[in-house]
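Below is one structure, written out as structure tokens; the observations come after it.
The values are calculated or read from the model by the stated rules, or taken from the named source; none is laboratory data. What you are looking at is a predicted structure, and each value in this text was computed from that prediction instead of being measured. Backbone-built Cβ (ideal geometry, glycine too); neighbour counts: all protein chains shown. Only protein heavy atoms, including side chains, enter the accessible area calculation; ligands, DNA and RNA are left aside. Shrake-Rupley method; radii C 1.70, N 1.55, O 1.52, S 1.80 Å.
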Amino acid sequence: MTDATTQTVLFPHLLSKPLHVRFDEPDLTSDGGAIHLKAVDDRLRLTERMADCIVDPRQGGKVRHSVLDLIRQRVFALACGYPDANDVTRIGHDPMQKLLLGRHPFHGDDLASQPTVSRFENTPSVKDLYRMGETMADALVERHRQRLPGRKCKRVTIDLDPTDDLVHGAQQLGLFNGHYGGYCFLTLLGNLSFNDEPEQYLFTAILRPGTVHGKVGTLAVLRRIIPLLRWAFPFAQIRVRLDGGFACEEVFALLEEQEVEYLGAIAGNRVLRRRSRRLMGRARKLARRRKRSVTLYGETVYAARSWKQRRRVIFKAEVVYLEGRGLRDNCRYVVTNLPWVPSTAYDIYRQRGDQENRIKELKRSMAIDRTSCTRFWANQLRVLLTAAAYMLLQELRRTLHPTSLARGQVETLRLALLKIGGRVEASARRFVIHLSANHPSQREWIRAARLLGAAAT
């Protein structure tokens, strides 16, 4: 029955006839295409594995929303673009969000309330969070092991990068970082890529205090992921690419001990600048004569005071030519054990630049930096839940190869596949979701559904 109190919006002169708008359809959802998320999650068993990591301290007889339901509620909501716990007030009655949790869309219980979600975010212990992080990496590696069995995987590349997460309150361990110019956390993000595929798959997201050295957490991640990859892909070469914040003896020594390929940026200093001076001078002369930017490559053997041995350092001597603005030096240094010529080795390192696009997606589209809880470990849980939602969207994106959405950004995927207005219908025998016949991406939606196990009828 129509709610008599529903407010009507009237545009009396906008069209040729008066236009009335009412929000009075209880069977409609704005996330009609989100059933794909449950299909992907069932394939990876991601939320189920994460729930198994948490010890629930609540009394069983008083529990209305299980840990699994709470994790799924948050992960699916994050994937649909609802980053805050407060959002459950707006979507708690949505029939599609209920269906994603396996509940009846109309008669089933509403989603957990904001206070319940907030209490849950403060429940997991440090051990629970550690196990969840391990489980997420295990699920990702297992999925790609199924996709690339035997000798199909020739190389796995690990990319690690820190990113700032500015805080604006009294969050624990949100400390002042002079480099980023504010109080922040330093989140460690890790991605895996396979063979020459362009996609980088998130496998870890670790919240760290704002003033930690890059090696904090990095050594543990590498000690865990490298043996796991060796077990899953015994015929693959493992390569590690690192941002400049990780350059230290402990990290390089671990990579050499593990016998993997590595490339890691280091900051320029007096010694390195002196050794690259001649090549920079040559590049400057060429740029001035040719009136265009010039890049030359060189190498040296170098050891910082804290290093126990000398290592190969390649450098890019680049002079940028800008018409009417003079020349600008841009010299970069990379430590590596690769045997390739400097230009080839540096090009391999440069390819890690796509990691910045993953960070932008996580921040702008997934709100992984929405860490507004007071407790540090509650914020770590938020980071893990956001990472899990992103992993589901990445798997969904991978199934769309080679369609036009195979390289689509998160917002594109949401608009094309998830945020579709639909009417939910429930009978004694089945559920039906009626989507718009004019949806512009229905072909891609149907393709993804069939690749995720749907049958044509």
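Under the 0.36 nm per residue contour assumption, what length would be gained going from the current alpha-carbon distance of R430 and T116 to full extension?
110.0 nm
Using θ = phi - 60° and the Karplus relation 6.51 cos²θ - 1.76 cosθ + 1.60, list the HN-Hα couplings for the stretch 419-429 in order, rounded to whole Hz, with x at every Gly or Pro.
Values, residue by residue: 7, 10, x, x, 10, 9, 10, 10, 10, 5, 9 Hz.
Could you check the simple spin-label distance between A253 and K154, using points 7 Å along Cα→Cβ, in nm with one decimal?
Placing both labels 7 Å beyond Cα along the Cβ direction yields 3.5 nm.
Suppose only helical runs count, i.e. DSSP H with n ≥ 4. What mean residue ellipticity at 222 nm does that imply for the chain under -39500 (n - 2.57) per run, divided by all residues and rounded to the nearest 500 deg cm²/dmol?
So the helix-based figure for the chain works out to -11000 deg cm²/dmol.
For the stretch 352-457, what relative contact order do you get, as a whole percent, if you take Cα pairs closer than 8 Å and at least 6 residues apart?
It comes to 19 percent, rounded to a whole number.
Which order do E257, E444 take when ranked by solvent-accessible area (1.4 Å probe, heavy atoms of all protein chains), largest first?
Largest accessible area first, the list is E257, E444.
Could you derive backbone 3J(HN,Hα) for the stretch 188-199 from the dihedral phi with the Karplus parameters 6.51, -1.76 and 1.60 (θ = phi - 60°), listing whole Hz in sequence and x where the residue is Gly or Pro?
9, 10, x, 10, 10, 10, 10, 6, 9, 5, x, 6
Please give the helix 35-44 orientation as an angle from the longest Cα principal axis of the chain, in degrees from 0 to 90, rounded to the nearest 10.
Value to nearest ten degrees: 50.
Return the FRET efficiency for the residue pair K285, R230: r is the Cβ-Cβ distance, R0 is 60 Å, and the value is rounded to the nearest 0.05.
Result of the calculation: an efficiency of 0.80.
Can you send over the carbon and sulfur percentage of the accessible area for the stretch 53-184, probe radius 1.4 Å, protein chains only?
Numbers: 3130 of 6140 Å².
Carbon-and-sulfur percentage of accessible area, whole number: 51.
Give the accessible area for S293 in Å² (nearest 10); use a 1.4 Å probe, count only protein heavy atoms, and leave out ligands, DNA and RNA.
Ignoring ligands and nucleic acids, S293 comes out at about 50 Å².
Just grab the label-to-label distance for R312 and L219, each label 7 Å out from Cα along the Cβ direction, in nm (one decimal).
Reported label-point gap for R312 and L219 is 2.6 nm.
Compute, for the stretch 379-457, the length of the dipole vector about the Cα centre, with Cβ point charges of +1 (Lys, Arg) and -1 (Asp, Glu) only. Units Debye, rounded to 20.
Computed about the Cα centre, the dipole is about 80 debye.
Could you list which residues have their amide H under 5 Å from that of R155, counting only those 5 or more apart in sequence or on another chain, with H placed in the peptide plane?
Hits under the 5 Å cutoff: N195, Q237.
Among 28-35, 13-20, 355-362, what's the highest-first ranking by average C-beta atoms within 10 angstrom per residue?
28-35, 355-362, 13-20
Among N122, G150, G92, whose Cα sits farthest toward the positive end of the charge dipole of the chain (+1 at Cβ of Lys/Arg, -1 at Cβ of Asp/Glu, about the Cα centre)?
So the residue we want is G150.
Applying 1/(1 + (r/R0)^6) with R0 = 60 Å to the Cβ-Cβ distance of V126 and W340, what FRET efficiency is obtained, to the nearest 0.05?
Efficiency computed from Cβ-Cβ geometry: 0.90.
Going through the cross-link list K291/K363; K98/K127; K38/K360; K152/K215; K17/K419; K308/K363, which pairs have a Cα-Cα distance over 27 Å in this structure?
K291/K363; K98/K127; K152/K215; K17/K419; K308/K363
Which ³J(HN,Hα) values, rounded to whole Hz and listed in residue order, are derived for the stretch 389-402 from phi using the Karplus coefficients 6.51, -1.76 and 1.60 in 6.51 cos²θ - 1.76 cosθ + 1.60 with θ = phi - 60°, glycine and proline given as x?
Result, rounded to whole Hz: 4, 5, 4, 5, 5, 5, 5, 4, 5, 5, 5, 8, 5, x.
Would you kindly find the accessible area of L400, with a 1.4 Å probe and non-protein molecules such as ligands, DNA and RNA excluded, rounding to the nearest 10 Å²?
So the heavy atoms of L400 present about 0 Å² to solvent.
Ranked highest first by the average count of other Cβ atoms within 10 Å around their residues, in what order do 390-397, 92-99 fall?
390-397, 92-99
Order 243-250, 265-272 from most to least packed using the mean count of other Cβ atoms within 10 Å.
Details: 243-250: 18.5, 265-272: 13.8.
Sorting 243-250, 265-272 by mean packing, highest first, produces 243-250, 265-272.
Give me, ordered by chain and number, the residues 5 or more places off L202 or on other chains with an amide H under 5 Å from its own placed amide H.
When sequence neighbours closer than 5 places are left aside, the close amide H contacts are L192.
Tell me the relative contact order for the stretch 245-317 as a rounded percent, counting alpha carbon contacts under 8 Å between residues six or more apart. Show your work: numbers first, answer last.
Values: 62 pairs, mean separation 19.7, N = 73.
Normalised by residue count, the contact order of the stretch 245-317 is 27 percent.
If ligands, DNA and RNA are left out, what is the accessible area of W445 with a 1.4 Å probe, given in Å² to the nearest 10?
40 Å²
Given contacts defined as C-alpha pairs under 8 Å and at least six residues apart, what's the relative contact order of the stretch 155-303, whole-number percent?
20 percent
With unit charges on the beta carbons (Lys and Arg positive, Asp and Glu negative) and the dipole taken about the Cα centre of the stretch 180-245, which residue among V240, T218, T187 sits farthest to the positive side?
T218
Report the label-to-label distance for R277 and R292 in nanometres (one decimal), using points 7 Å from each Cα along the Cα→Cβ vector.
3.0 nm
Give me the 1.4 Å probe accessible area per residue for the chain, excluding ligands and nucleic acids, in Å².
On a per-residue basis, 50 Å².
G182's amide H: which non-local residues (gap 5+, or another chain) put their own amide H closer than 5 Å, with H modeled 1.01 Å from N in plane and none for Pro or chain starts?
N177
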